[in-house]
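Q: Here it is: the structure, laid out below.
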Amino acid sequence: MLPFGSLDDPTMGLQSWPELRELAEAAESAGLDSLWVADHFFGQAPEGRVRGMHDGWTILSALAAVTSRVELGPLVLCSGFRSPAVIANQAATLDEVSGGRLVLGVGAGWHDPEYQAFGFPTDHKVSRFGEALEVIARLVRGERLTFEGRYHTVRDAALAPPPGRPIPVLVAGNGPRMLSLAARWADAWNTAWFDAPGDERLAERLRALDEALAEEGRDPASLERTVGIIVRGDTDVEPLLSELQQHRVGHVIAFAEPATREAVEQLASAARGFRGA
């Protein structure tokens, strides 16, 4: 995952586009499989200090033009900041620009100061997300759609031009309702963040996901499990990757602290060992 600063530490530096581009090119060259960006307007510390952040969707679009192999995705796009039909339309264009490399990560959002500052409602986040997710998923899979919900409405909507493929949708979330929505609509699911093996939260979340899939009557093998990990300078990542492999995790999204070319190389080396295991 490309660095975006910190939501709760305004003193953390914000990387420039040339620095982000350099890290992205290094990751692709080193053999990593994917690049991910955050979607926030700003971070605000508990005492009120604020720091800005680059727009995630714009950075993702720029990455699509300067890379050629890696998958690209937001982790995750906040559905509350945009119309779901607009998200679907933007996704189809970005998937075209990237040559079919987009994984459309979406979530309900949580950082209320952003909603309040930019004029978005903070109520019923999961209910709003549930409607948005259905609209997004059906449109990026090529449907023509009429949908009348409490929060979102589309009438005879279709993407034109249509996406060149069904764009995979990833949902991030851990609560029962979010897991149910992931089981119903998603191609992949993400939970985060972990920094050491043996964290009981991981097994609990994976078990809850399996229960949601069973309630939906869905084959567990049809949903890819992805996990976000934090890798610091002294982190031995191999035991963590080994544990994730045992849990049938299909994709690991790493946030390196600090985010440097050397950290990218170390992650790539560990990933090669993970694939070869």
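Q: Does GLY107 satisfy being within 30 Å of THR67 (Cβ to Cβ), touching a helix residue (DSSP H, G or I) at 6+ places or on another chain (Cβ under 8 Å), of a type in the set (Gly, Ala, Ser) and modelled with pLDDT of 95 or more?
A: yes
Q: Here are some residues: ILE136, ILE167. Which one is of a type in the set (A, V, I, L, M) and touching a Pro at 6+ places or on another chain (Cβ under 6 Å)? Give the derivation first.
A: On the way: ILE167 fails: touching a Pro at 6+ places or on another chain (Cβ under 6 Å).
Residue meeting the stated conditions: ILE136.
Q: Taking interchain pairs and intrachain pairs at least six residues apart, which have beta carbon atoms under 8 angstrom, with the first residue in the range 101-118 and among the aromatic types (Phe, Trp, Tyr) and the second surrounded by fewer than 24 Cβ atoms within 10 Å (Cβ to Cβ)?
A: TRP110/LYS125; TYR115/GLY80; TYR115/GLY109; TYR115/PRO121; TYR115/THR122; PHE118/PHE41; PHE118/PHE81
Q: Consider the range 137-170. How many of its residues are farther than 25 Å from GLY100 by Cα and either buried (at least 16 other Cβ atoms within 10 Å of the Cβ) or not charged (D, E, K, R) (or both)? Talk me through it step by step, then tell me what you get.
A: Taking the range 137-170 and keeping what is farther than 25 Å from GLY100 by Cα, we get 146-156.
From what is left, the residues that are either buried (at least 16 other Cβ atoms within 10 Å of the Cβ) or not charged (D, E, K, R) (or both) are 146-147, 149, 151-154.
Of the residues in that region, 7 qualify.
Q: Would you check if ASN174 is of a type in the set (S, T, N, Q), assigned to a loop (DSSP other than H, G, I, E, B) and either crowded, with 18+ Cβ neighbours inside 10 Å or touching a strand residue (DSSP E or B) at 6+ places or on another chain (Cβ under 8 Å) (or both)?
A: yes
Q: Kindly indicate which of ARG51, ARG69 is modelled with pLDDT under 95 and either among the charged types (D, E, K, R) or surrounded by 24 or more Cβ atoms within 10 Å (Cβ to Cβ) (or both). Before the answer, list the steps.
A: On the way: ARG69 fails: modelled with pLDDT under 95.
ARG51 is the lone residue from the list that is modelled with pLDDT under 95 and either among the charged types (D, E, K, R) or surrounded by 24 or more Cβ atoms within 10 Å (Cβ to Cβ) (or both).
Q: I need a count of the residues in the range 177-210 that are part of a strand (DSSP E or B) and more than 17 Å from HIS251 (Cα to Cα).
A: 0
Q: When residues of the range 211-230 are filtered for being assigned to a helix (DSSP H, G or I) and farther than 15 Å from ASP187 by Cα, how many remain?
A: Keep residues of the range 211-230 that are assigned to a helix (DSSP H, G or I), which gives 211-216, 220-222.
In the following step, the residues that additionally are farther than 15 Å from ASP187 by Cα were identified as 211, 214-215.
Qualifying residue count, the range 211-230: 3.
Q: Then there is this: Any idea how many residues of the range 231-251 are outside any helix (DSSP H, G or I), in contact with a helix residue (DSSP H, G or I) (Cβ under 6 Å, 6 or more places away or on another chain) and free of Cβ contacts under 8 Å to residues at least 40 places away in the same chain?
A: Going through the range 231-251, the residues outside any helix (DSSP H, G or I) turn out to be 231-236, 247-251.
Within this subset, residues satisfying the condition of being in contact with a helix residue (DSSP H, G or I) (Cβ under 6 Å, 6 or more places away or on another chain) are 231, 247.
So of that shortlist, the ones also free of Cβ contacts under 8 Å to residues at least 40 places away in the same chain come out as 231.
Residues flagged as outside any helix (DSSP H, G or I), in contact with a helix residue (DSSP H, G or I) (Cβ under 6 Å, 6 or more places away or on another chain) and free of Cβ contacts under 8 Å to residues at least 40 places away in the same chain within the range 231-251 amount to 1.
Residue-by-condition table, conditions (1) under 17 Å from PHE274 (Cβ atoms); (2) among the basic types (Lys, Arg); (3) surrounded by fewer than 18 Cβ atoms within 10 Å (Cβ to Cβ); (4) without any contact (Cβ under 8 Å) to a residue 40 or more places away in the chain:
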site	(1), (2), (3), (4)
GLY198	no, no, yes, no
ARG201	no, yes, yes, yes
ARG207	no, yes, yes, yes
PRO220	no, no, yes, yes
VAL227	yes, no, no, yes
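Q: Of the residues ASP39, ASP33, which is buried (at least 18 other Cβ atoms within 10 Å of the Cβ) and acidic (Asp, Glu)?
A: ASP39
Q: Can I ask one more? Looking at LEU94 and the list (1) part of a loop (DSSP other than H, G, I, E, B); (2) at pLDDT 95 or above; (3) under 18 Å from the mean Cα position of the chain (by Cα), which single condition is not satisfied?
A: Here LEU94 clears every test but (1).
Q: While we're here: How many residues does the range 93-105 contain that are of a type in the set (A, V, I, L, M), under 15 Å from LEU170 (Cα atoms) and either surrounded by fewer than 22 Cβ atoms within 10 Å (Cβ to Cβ) or touching a Phe, Trp or Tyr at 6+ places or on another chain (Cβ under 8 Å) (or both)?
A: First, pick out the residues of the range 93-105 that are of a type in the set (A, V, I, L, M): 94, 97, 102-104.
Within this subset, residues satisfying the condition of being under 15 Å from LEU170 (Cα atoms) are 102-104.
From the residues that got through so far, the ones that are either surrounded by fewer than 22 Cβ atoms within 10 Å (Cβ to Cβ) or touching a Phe, Trp or Tyr at 6+ places or on another chain (Cβ under 8 Å) (or both) too are none.
Final tally of qualifying residues: 0.
Q: Give me the pairs, please: first residue somewhere in the range 1-18 and crowded, with 19+ Cβ neighbours inside 10 Å and modelled with pLDDT under 65, second residue anywhere and part of a loop (DSSP other than H, G, I, E, B) and of a type in the set (S, T, N, Q), beta-carbon distance under 9 Å, and either six or more positions apart or on two chains.
A: GLY5/GLN15
The values are calculated or read from the model by the stated rules, or taken from the named source; none is laboratory data. Just so we're clear, the structure is a prediction, and the values are computed from it rather than from any experiment. When we count neighbours, we look across all protein chains shown, and the Cβ atoms used for this are built from the backbone with ideal geometry, even at glycine.
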